[in-house]
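Right, one structure below, let's go through it.
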There are 2 protein chains.
Amino acid sequence: MTTIAIDLGGSRIKIGLVADGKVLKSTMLDANSGHGLQNRLTTIEDTIRRLLTKEEIEDTKGIGIAYPGLVNWKEKRVIQGNGKYTDAPSVDLEKWAKDVFQLPMIMENDANAALLGELYYGCGHGAEDAVMLILGTGVGTAAVMGGQLIRGKHNQAGCLGGHFPTEINGRPCTCPGRGCIEANASTWTLPRLIKEHKDYMQSGLCEEKMIDFKTLKEYVLIQDKVAVDTLDYCTKTWANCIISLIYAYDPEVILLSGGVIKFGSILLEPMLEYVKKNVWTPWGKVEFRIAENTEHSVLLGLHWLLNKS
Amino acid sequence: MTTIAIDLGGSRIKIGLVADGKVLKSTMLDANSGHGLQNRLTTIEDTIRRLLTKEEIEDTKGIGIAYPGLVNWKEKRVIQGNGKYTDAPSVDLEKWAKDVFQLPMIMENDANAALLGELYYGCGHGAEDAVMLILGTGVGTAAVMGGQLIRGKHNQAGCLGGHFPTEINGRPCTCPGRGCIEANASTWTLPRLIKEHKDYMQSGLCEEKMIDFKTLKEYVLIQDKVAVDTLDYCTKTWANCIISLIYAYDPEVILLSGGVIKFGSILLEPMLEYVKKNVWTPWGKVEFRIAENTEHSVLLGLHWLLNKS
């Protein structure tokens with residue numbers, strides 16, 4: 001059964017037509033998430049109508065929507081975001097899907113959807129105990145135990161590993177906390193990290209206007225001290241996040257995803273080495289797998305949820 | 001139905017006869033856990049025979065044993081400890097219970113048993129989503145979600161929150177890791193923490209031979225700077241552990257237990273204040289409850305497990 005999947009990312013919205021665990025067609029638009037969700041609905045509708053024929057829309061089982069924040073999947077509503085689409089809790093997306101496309105909808109947190117997508121159509125191969133770490137703009141996490149997605153009493157279990165606090169009175173985060181994993185190591189915090197380095201003014205990085213992990217990699221490759229130290233700090237911070245996730249959910253496999261993973265072995269090797277050296281798993285070794293479908297795992301997970309519902 | 005419950009603590013072994021959620025009789029013996037478990041079995045047997053009559057033993061449903069480390073509850077064996085009773089994985093306690101007392105036995109991690117004890121016979125009042133934090137010699141944790149004890153694929157989920165790493169290359173722990181919660185804030189690490197303080201030599205604490213949280217409290221009450229700073233560091237470290245546990249398991253209630261909790265409001269108030277200020281729970285506020293039966297919650301939890309089995 002085909003489905004329409006919408007991934008409301010913080011910077012881009014992805015829309016796809018999915019069938020049998022494959023994205024048949026897809027497109028992207030700017031999120032403008034700072035301007036709210038209600039304002040984007042007409043554009044999303046138009047984009048779907050341009051991407052799909054009337055027949056394709058009518059033939060789908062429904063619409064799946066992923067949101068980058070806390071989601072009440074049972075009531076099909078956004079609980080709260082983190083500065084992204086702040087009006088989302090008041091937008092009735094179920095009504096929108098019904099009024100505009102005459103289709104049912106389901107909703108899920110984006111990291112949860114990404115984990116399900118990789119688990120059933122990607123690198124997860126149906127593992128029953130798995131954790132996903134997504135290194136993107138922030139740090140997303142998700143977990144399944146015994147084949148069940150961990151959601152929790154108030155839908156905030158599993159997806160907030162990026163906010164495990166690692167420091168006392170640390171760097172302010174986008175959440176109410178300080179010193180969270182993603183406040184210390186993520187794309188959005190990277191410019192702040194670099195500027196805090198004592199040798200920042202001696203590094204070529206101080207002349208870069210836009211700094212992301214792609215920029216950082218260029219400077220790591222020329223052995224820039226600020227870049228090398230910052231990468232070391234980030235990889236170990238993420239390694240500690242992985243260790244906490246292993247202790248929290250006891251997985252057999254860790255799925256790694258997100259744009260930053262493309263950084264490659266100079267990030268992955270020290271990160272996994274630090275985990276290996278410091279983790280306590282007397283039963284054996286947790287396996288690591290890289291997401292097969294980073295770009296589309298959220299769409300695929302929504303598809304799986306729709307077909308299961 | 002009555003049960004015999006044995007709590008193999010790191011420093012003391014507690015043995016009790018439990019019926020209807022009440023400890024009818026109990027006794028304690030030194031653990032000598034550094035000398036192994038096999039060597040203690042005859043003494044444990046003798047202690048049970050002194051505590052209970054032949055009829056009382058025969059009338060019980062079985063023996064429950066709690067171990068301070070990883071336990072395979074299905075196979076009724078110890079997986080691995082942490083320097084305590086290091087021979088335990090090779091000791092067949094099921095055979096011992098059968099040979100010596102002709103009784104069936106069950107086994108559980110001590111923090112898991114403590115949580116169940118408080119949940120069903122103490123302050124938990126049957127909460128379905130709850131986390132326990134035990135501040136004792138180390139830091140123990142346990143969790144239930146939707147009424148189910150979190151154990152995980154390899155029996156190490158839930159009980160290792162005291163080993164969530166909070167620092168990169170931090171203080172060595174008793175586990176293979178560094179900078180774990182309990183390496184940074186626990187009774188066993190306290191002497192090390194105090195000695196690291198820059199004003200240690202100016203504090204009266206440098207003349208104390210044995211330092212635990214009771215000693216620390218005395219110095220906090222006279223406003224000793226080393227003591228005040230150390231308490232502040234510990235309370236915030238535990239607060240961060242609680243925040244991670246809230247994000248991991250999404251509980252409605254946190255149960256606080258362990259000897260250190262007796263420290264009172266000068267520990268509890270700043271700890272809960274730090275949690276409140278830094279945690280992200282848009283659904284409302286997690287409730288905190290102090291264990292009603294710190295001394296016996298492990299015995300009560302074993303009793304509940306035996307009666308359920």
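The values are calculated or read from the model by the stated rules, or taken from the named source; none is laboratory data. Please read these numbers as outputs of a predicted model, since none were measured by experiment. Quick reminder, even Gly has a Cβ in these numbers, built from the backbone with ideal geometry, and neighbours come from all protein chains shown. Accessible surface areas use protein heavy atoms only, side chains included; no ligands, DNA or RNA. Shrake-Rupley method; radii C 1.70, N 1.55, O 1.52, S 1.80 Å.
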Report, by residue number, each residue of region B:137-149 that is of a type outside the set (Ser, Thr, Tyr) and in contact with a Phe, Trp or Tyr (Cβ under 7 Å, 6 or more places away or on another chain).
-> B:Gly138, B:Ala143, B:Met145
Determine, yes or no, whether B:Lys209 is modelled with pLDDT under 95, more than 14 Å from every other protein chain (Cβ to nearest Cβ) and over 17 Å from the mean Cα position of the chain (by Cα).
-> yes
Could you identify the single residue in B:Glu269, B:Glu292 that is over 30 Å from A:Gly140 (Cα atoms), without any contact (Cβ under 8 Å) to a residue 12 or more places away in the chain and open to solvent by 10 Å² or more (accessible area, probe 1.4 Å)?
-> B:Glu269
Might you let me know whether region A:223-230 holds any residue that is more than 10 Å from every other protein chain (Cβ to nearest Cβ) and in contact with a Gly (Cβ under 7 Å, 6 or more places away or on another chain)?
-> yes
Might you check whether a residue that is over 14 Å from B:Ile290 (Cα atoms), open to solvent by less than 10 Å² (accessible area, probe 1.4 Å) and over 17 Å from the mean Cα position of the chain (by Cα) occurs anywhere in region B:217-225?
-> no
Cβ pairs under 6 Å, 6+ apart or interchain, first in region B:197-215 and over 15 Å from B:Leu231 (Cα atoms), second open to solvent by 30 Å² or more (accessible area, probe 1.4 Å), ordered by first then second residue, are B:Cys206/B:Tyr200
Working only within region A:1-20, note down all residues that are polar (S, T, N, Q) and closer than 17 Å to A:Thr43 by Cα.
-> A:Ser11
A:Pro270 fails exactly one of (1) of a type outside the set (Asp, Glu); (2) more than 30 Å from B:Leu149 (Cα to Cα); (3) out of contact with any Lys or Arg (no Cβ under 9 Å at 6 or more places or on another chain); (4) within 12 Å of chain B (Cβ to nearest Cβ), namely (3)
Name every residue in region A:160-208 that is among the acidic types (Asp, Glu) and either surrounded by fewer than 15 Cβ atoms within 10 Å (Cβ to Cβ) or on the phi > 0 side of the Ramachandran plot (or both), in order of residue number.
-> A:Glu196, A:Asp199, A:Glu207
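Yes or no, residue by residue, for (1) aromatic (Phe, Trp, Tyr); (2) modelled with pLDDT under 95; (3) under 20 Å from the mean Cα position of the chain (by Cα); (4) closer than 24 Å to A:Gly179 by Cα:
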site: B:Gln156; (1), (2), (3), (4): no, no, yes, no
site: B:Phe164; (1), (2), (3), (4): yes, no, yes, yes
site: B:Gly179; (1), (2), (3), (4): no, no, yes, yes
site: B:Asn184; (1), (2), (3), (4): no, no, yes, yes
site: B:His197; (1), (2), (3), (4): no, no, no, yes
site: B:Gly204; (1), (2), (3), (4): no, no, no, no
site: B:Thr230; (1), (2), (3), (4): no, no, no, yes
For B:Leu160, all conditions in the list (1) of a type in the set (A, V, I, L, M, F, W, C); (2) under 15 Å from the mean Cα position of the chain (by Cα); (3) more than 8 Å from chain A (Cβ to nearest Cβ); (4) over 18 Å from A:His154 (Cβ atoms) hold save one; what is the number of the exception?
-> (3)
Among the residues of region B:190-198, is there at least one that is farther than 27 Å from B:Leu160 by Cα and of a type outside the set (Asp, Glu)?
-> yes
